[in-house]
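Report on the structure given below.
The values are calculated or read from the model by the stated rules, or taken from the named source; none is laboratory data. None of the values given here were measured: they were computed from a predicted structure. Cβ: placed from backbone, ideal geometry, glycine included. Neighbour counts: every protein chain shown.
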Amino acid sequence: MYDGILPSDQVKRLQRVSATASVTLHRKDGAVRLCRLYQAGAAKIRLPKSYAPDRADVTLINTAGGLTGGDVFDVSVTVAEEAAACVTTQACEKMYRSLDGDAVVTNSLAVGPGARLAWMPQETIFYDRASLYRKLNATVDPDGALFAMEPMVFGRTAMGESVERGSLKDAWTVKRGDVLVYADRTYLNDEFASVLSRPGIMRAARAFAAGVYVGPGQGRVRDAIRAVAEPDGVTAGVSIVRGAVSIRCVATDSQGLRRWIGAAYQAAWGEDLPRVWGC
């Protein structure tokens, strides 16, 4: 409920998104195939033709056109034994100004033995006074591999937008088997502009990406990403922390960020991004 000044000074119920989608992929007859698909509300899943060998492409769609305070969006992806998939979004997700609390987004990932999952959504565009609580919970089999990256843009430079205030809570939890190998928390509240301009945070950059790799060959993945050239306005860093490769990138605009993500993904994962990325 939003108790504001509305026509006739009456409290009105604002329409909110409640969406759930889940997909399970497995290997059968030598190919990656759909095992289970469920979708409800504004969450939709499509499996377009994949141009990468031996990989399923999964595209997430939010038919509501964006999220705002009070919306709930849950996605679950399971890649069973020996299967491989790349999950992305149809377009950039938009976080609009919130009137009544957080938009809550929960992404649950499971990677089976010998399976490979790339979690590669397109950018989340964060508008002024938006409020987002996003959770990524992943369980990776000791013989599986996960590469996950979440890019975010604070306002669209070409539209003259800026983000002065808002709330962002981003919580990542990744287990390898039963062992917690990666936990990361980002919390930004209220004075976005002043916080993001600090030298130790984003130095007034407008876009960033956080990522993690869990699986075999972590030293190779770290070195491959470090070798990727950084376009103008892009600064990236990667290191191994407690059995996971932690990835960070900040950029002055989303175009430079997208170019770097595409190159880093190809170098680390050995595949091109799905065509919906346009890279």
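Condition check ((1) touching a Phe, Trp or Tyr at 6+ places or on another chain (Cβ under 8 Å); (2) at pLDDT below 90; (3) within 19 Å of residue 146 (Cβ to Cβ); (4) loosely packed, with under 15 Cβ neighbours inside 10 Å) across all residues:
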{"position": "188", "(1), (2), (3), (4)": "no, yes, no, no"}
{"position": "199", "(1), (2), (3), (4)": "no, yes, no, yes"}
{"position": "223", "(1), (2), (3), (4)": "no, no, yes, yes"}
{"position": "228", "(1), (2), (3), (4)": "yes, no, no, no"}
{"position": "259", "(1), (2), (3), (4)": "no, no, no, no"}
{"position": "270", "(1), (2), (3), (4)": "no, no, yes, yes"}
{"position": "273", "(1), (2), (3), (4)": "yes, no, yes, no"}
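Please name all residue pairs, on different chains or six or more residues apart, with Cβ atoms under 7 Å, provided the first residue is in the stretch 254-267 and is polar (S, T, N, Q) and the second residue is at pLDDT 95 or above.
From residues that are polar (S, T, N, Q), the pairs are 254/123.
Anything in the stretch 120-153 that is assigned to a loop (DSSP other than H, G, I, E, B) and of a type in the set (Gly, Ala, Ser)? List them, or say none.
144
Touching a residue at least 40 places away in the same chain (Cβ under 8 Å) and either over 21 Å from residue 256 (Cβ atoms) or not in a strand (DSSP E or B) (or both), is that true of residue 188?
No: the conditions fail for residue 188.
Per-residue answers, yes or no, for (1) under 26 Å from residue 117 (Cα atoms); (2) touching a helix residue (DSSP H, G or I) at 6+ places or on another chain (Cβ under 9 Å):
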| residue | (1), (2) |
| --- | --- |
| 192 | no, no |
| 213 | yes, yes |
| 248 | yes, no |
| 254 | yes, yes |
| 258 | yes, yes |
| 264 | yes, yes |
| 274 | yes, no |
